[in-house]
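Only the coordinates and a few stated rules stand behind these numbers; no lab work does. The structure displayed is predicted, hence computed values, not measured ones. Positions of Cβ are backbone-derived with ideal geometry, glycine not excepted, and every protein chain shown enters the neighbour counts.
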Amino acid sequence: MVCSRFFNARLMAALAALPLLGLGLPSQAATADPALVHARQVLAKGLLFDGHNDLPWAIRADKTALGAVAAYDLRTHAPGQTDIPRLRAGGVSAQFWSVYIPGEQANGKFARTELEQIAIAREMIRTHSDVFTLASTAADVRKAHRAGKIPGMLGIEGGHAIENSLPLLRAYYDLGVRYMTLTHNVHLDWADSAAMVPPHVHGLTPFGEDVVREMNRLGMVVDLAHTAPETMAAALKVTQSPVIFSHAGARGVCSVPRNVPDDILQQLPQNGGVVMVTFVAGFVDCEVAKVMQPAMMRQNIAMRAAQTDEERAAARAEFNSVKMPVTTIAKVADHIDYIRRVAGVHNIGIGGDFDGNDAWPEGLSDVSMYPNLFAELIRRGWSDADLQLLAGGNVMRVLEENERTAKRLATLPAPGLSETKP
């Protein structure tokens with residue numbers, strides 16, 4: 001187990017040449033693969049910043065832990081796809097921890113559930129403070145990385161969490177939230193989701209535009225994963241800062257609602273935004289999507305009808321029980337290559353979505369396996385410089401540009417209470 005607080009680049013480079021056994025990675029024979037050795041060296045020298053990991057919800061949903069961080073032991077092989085040894089083995093340098101809450105919950109207590117998830121995430125970071133730290137700025141990320149820690153920022157998944165309140169959005173920012181996905185799997189009063197048809201507001205309402213403007217003023221990154229294309233286009237017209245898609249793919253490779261269409265990809269160079277490519281099998285492989293998309297639709301309907309946590313858990317369990325076709329790392333690399341061709345190498349990143357799903361490509365099924373993907377890209381001719389942009393350079397630029405926009409807008413007054421429906 002390699003989890004020392006002083007775990008530095010030199011030690012990582014030395015370990016790159018050694019077999020990593022028992023962590024879901026290839027064994028000794030495969031470790032001799034020059035591309036895999038090279039991939040580990042690239043990750044040891046740079047900064048791998050993943051855009052989306054649902055570990056806080058995994059801790060909440062675990063039948064033993066039930067939200068208690070201490071009962072979900074991250075220092076050993078945890079029940080899900082993420083723990084400290086595997087993060088270290090995968091070369092993860094920084095992480096956006098998703099503080100996801102279901103938009104389908106009938107009681108509408110979104111703020112309460114969101115605050116609980118933020119509390120779980122912050123407790124996770126505090127409990128393992130020798131490994132994790134909460135970062136507020138890009139400079140915090142770099143400083144923590146140099147110290148051998150894994151800095152984390154929080155990302156809200158779904159604007160239902162703000163309950164149509166800009167002051168609540170500001171409160172979340174003060175608690176460490178540095179991006180918000182405008183929608184998840186349900187339409188909002190002010191924004192359309194990719195998961196529901198027909199459209200509700202055809203993009204963003206004036207209030208939705210105000211949400212984007214307030215995020216710009218705060219320095220909170222606008223995340224367009226899960227949104228409908230009309231919402232993506234509307235947000236790109238309003239935002240003064242680069243956006244991200246924290247976990248998404250390309251529709252030009254696999255045409256599923258969650259992926260980004262070409263006309264939006266073509267706008268990203270001007271905006272400076274980044275698509276952080278997901279590993280979820282049903283979004284990257286069309287054959288898997290043929291099975292996964294109907295199952296996901298059934299799950300979404302069941303989630304909207306559910307009245308209790310138990311019913312929501314049953315809907316997720318039914319979805320997870322569906323047997324998916326096998327897919328490969330090459331499919332993920334195909335999305336990365338495609339987005340590079342359409343948008344550019346400065347507009348791509350990594351957003352695995354671990355602990356948010358159970359259907360993964362072979363060899364890319366937990367956080368220890370990032371080197372396998374980078375090895376595939378090395379075999380395709382990617383340079384070290386471009387791999388560093390993909391791994392974390394591009395998303396760090398997005399953070400820094402959002403911070404500069406916030407400084408420029410700092411003199412604008414904060415909006416008042418918004419109690420009316422948008």
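Before moving on, here are some points about what is shown:
- Of the residues Met324, Met297, the one with the fewest other Cβ atoms within 10 Å heads the list, and the complete ranking is Met297, Met324.
- About the centre of its Cα atoms, the range 32-408 shows a dipole size close to 800 debye [charges on the beta carbon of Lys, Arg (+1) and Asp, Glu (-1) only; nearest 20 debye].
- If the chain linking Ala305 and Lys63 were pulled fully straight, counting 0.36 nm for each residue of separation and taking away their Cα-Cα distance, it would gain 84.9 nm.
- Lysines whose Cα lies under 30 Å from that of Lys237, excluding same-chain neighbours fewer than 8 positions away: Lys407, Lys421
- Highest average packing first - 60-71, 33-44, 357-368, Cβ atoms within 10 Å: 357-368, 33-44, 60-71
- Added length on full extension, which subtracts the Cα-Cα distance from 0.36 nm per residue, Asp189 to Arg316: 43.2 nm
- Each Cα pair under 8 Å and six or more residues apart adds its sequence gap; the mean of these over the residue count of the chain is a relative contact order of 21 percent.
- Ranked by the mean number of other Cβ atoms within 10 Å of their residues, highest first, the peptides 230-243, 179-192 come out as 179-192, 230-243.
- Förster radius 30 Å - calculated FRET efficiency between Gln270 and Thr411, Cβ distance, rounded to 0.05: 0.70
- Per residue, the convex hull around the alpha carbon atoms of the chain comes to 123 Å³.
- Under 20 Å from the Arg397 label point (7 Å along Cα→beta-carbon), backbone N, the range 122-145: 137-143
- Order of Cys254, Cys286 - criterion: other Cβ atoms within 10 Å of each residue's Cβ, fewest first: Cys286, Cys254
- Local electrostatic count, Val367, Cβ distance below 13 Å [Lys/Arg +1, Asp/Glu -1]: -4
- Residue with peak Gaussian network fluctuation, the chain [Cα springs, cutoff 10 Å], from Ile378, Ile156, Ile244: Ile378
- Under 15 Å, Cβ to Cβ, from Ser383 - net charge with Lys/Arg +1 and Asp/Glu -1: 0
- Charge tally for Pro79 (other residues, Cβ to Cβ under 15 Å; Lys, Arg +1; Asp, Glu -1): -2.
- Look at Glu163, Glu311, Glu214 and count the other Cβ atoms within 10 Å of each Cβ; fewest to most, that gives Glu311, Glu163, Glu214.
- Kirkwood Rh in Å, taken over all unlike Cα pairs in the range 290-336: 12.1 Å
- Sites Met196 and Glu116, calculated FRET efficiency, Cβ-Cβ separation with R0 25 Å, nearest 0.05: 0.45
- For the chain, built as a Gaussian network whose Cα springs stay under 10 Å, the top-fluctuating residue of Thr113, Thr328, Thr411: Thr411
- Considering only Val256, Trp97, Gly392, the residue lying farthest towards the positive end of the dipole of the chain is Gly392, judged by Cα position with unit charges set on Cβ.
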